[in-house]
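Notes for the one structure printed next.
The values are calculated or read from the model by the stated rules, or taken from the named source; none is laboratory data. Fair warning: this is a prediction, and the values are worked out from it, not measured in the lab. Virtual Cβ from ideal backbone geometry, glycine too; neighbours counted across all protein chains shown. Just the protein is used for accessible areas: all its heavy atoms, side chains included, with ligands, DNA and RNA removed. Shrake-Rupley method; radii C 1.70, N 1.55, O 1.52, S 1.80 Å.
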Amino acid sequence: MKLTILGCYAATPRTITNPTSQVLEIRNRMFLIDCAEGTQVQLRRNKLRFSKINHIFISHLHGDHFYGLIGLISTFMLLNRQTDLNVYGPKGIKELILLQLRLGNSYTGYNLYFHELESKESKVIFEDEKVVVKTIPLKHRIYTNGFLFQERVGDRKLNIEAVNKHTIDTCYFQKIKNGKDITLENGTVIPNIELTFDPIPPKSYAFCSDTLYDESIIPIIKNADVLYHESTFLETEADKAEKTMHSTAKEAATIALKANVKQLILGHYSTRYSDIEHFKNEAEVIFSNTLLADDGKVFDFD
């Protein structure tokens, strides 16, 4: 599981920082999470292939989280993209994007599918044989979701020594990895547990966009391997956090602690602060396994 931070600062883009956008690579899937202005440039700067992005998740319709989407969709068109593109976001996102395309007399040469969200309960919005994605309802000034990405449990691992001992043909290997027992020609049944090792534990990543401190999300993100949680303010500006419906670094750390996650990543910093290390210092008092997001930073959790 690999996370590339394209942008992680609040409000408007600057020459030295970018608003929220990131790419999660998990089980050979590449998911774009939020798409602020500058996302295209950051994708190129980080050498991430546009063609591998087939699913985009937008947390809410504030500009610093989706104003780069129409540009990216248009660039895909200019690059003669043929693969379907799926966009998951709040109700209204389809109208916004299609209006811009229509007024610009621009039409994609690929299928563009919108999956509009309006439920205030956690819902599965994407799943295939390897990954499941659920919403994390958040409390912000407008309808907002975070997203929980979970690997499915993989195949069991072959115990080659045991398989060779029983002279089992390779044609049965997938059946064994699927957890099935094997019956030998003489009728002897070999339990699967003797032929395999447990699969690699599945990983999970929780992305919590703009939100007030909200303990109701804890059951959804409980025991996640990695939690990215917004920390727009330090505790000295807790009043501003409450007024604007954002969180402090201390509050993000408290959520991480109570949810028993393994790793916390802070982001969405207000540009009023000149040194983001203050966020880490504040959070570590409560939750020691804290990292700082920054533009261009890559986290590898394999």
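Filter the helices (runs of 4 or more DSSP H) completely within region 124-227 down to those with at least 2 residues that are open to solvent by less than 40 Å² (accessible area, probe 1.4 Å) and touching a Gly at 6+ places or on another chain (Cβ under 7 Å). If you could, list the steps in order and put the result at the bottom.
Values: elements: 160-165, 173-177, 192-195, 218-221.
Correct list: empty, since no element meets the threshold.
Filter region 7-25 down to the residues that are in contact (Cβ under 8 Å) with a residue 60 or more places away in the chain and assigned to a strand (DSSP E or B), then identify the one that is surrounded by the most Cβ atoms within 10 Å (Cβ to Cβ).
The residue in question is Gly7.
Could you check region 229-293 for helices (runs of 4 or more DSSP H) lying wholly inside it with 3 or more residues that are open to solvent by less than 30 Å² (accessible area, probe 1.4 Å) and closer than 21 Å to Ala206 by Cα?
Filter on region 229-293 gives 249-259.
When region 30-41 is examined, which residues are found to be of a type outside the set (Gly, Ala, Ser) and open to solvent by 10 Å² or more (accessible area, probe 1.4 Å)?
The first filter runs over region 30-41 and keeps only residues of a type outside the set (Gly, Ala, Ser), leaving 30-35, 37, 39-41.
Scanning region 30-41 gives Met30, Glu37, Gln40, Val41.
Tell me yes or no: at least one residue of region 76-84 is open to solvent by less than 40 Å² (accessible area, probe 1.4 Å), closer than 20 Å to Ala10 by Cβ and at pLDDT 95 or above. Show your work before the answer.
Step one: filter region 76-84 for residues open to solvent by less than 40 Å² (accessible area, probe 1.4 Å), giving 76, 81.
Next cut, closer than 20 Å to Ala10 by Cβ only: none.
No.
Mind checking which pairs have a first residue in region 157-186 that is more than 19 Å from Asp198 (Cβ to Cβ) and a second that is modelled with pLDDT of 90 or more and surrounded by 14 or more Cβ atoms within 10 Å (Cβ to Cβ), Cβ under 9 Å, 6 or more apart or different chains?
Between residues of region 157-186 that are more than 19 Å from Asp198 (Cβ to Cβ) and residues that are modelled with pLDDT of 90 or more and surrounded by 14 or more Cβ atoms within 10 Å (Cβ to Cβ), the close pairs are Tyr172/Lys180.
As an exercise: evaluate Pro201 against (1) within 30 Å of Lys157 (Cα to Cα); (2) touching a residue at least 12 places away in the same chain (Cβ under 8 Å) and give the number of the one condition it does not meet.
Of (1) within 30 Å of Lys157 (Cα to Cα); (2) touching a residue at least 12 places away in the same chain (Cβ under 8 Å), only one is false for Pro201: (2).
Of all residues being among the aliphatic types (A, V, I, L, M) and not in a strand (DSSP E or B) in region 85-115, which is surrounded by the most Cβ atoms within 10 Å (Cβ to Cβ)? Just the residue, please.
The extreme case among them is Ile93.
Across region 26-84, what is the number of residues that are in a helix (DSSP H, G or I) and not acidic (Asp, Glu)? Step through it out loud before you land on a result.
Quick first cut of region 26-84, residues in a helix (DSSP H, G or I) only: 39-45, 50-52, 63-66, 69-78.
Of the ones still in play, those that are also not acidic (Asp, Glu) are 39-45, 50-52, 63, 65-66, 69-78.
The qualifying residues number 23.
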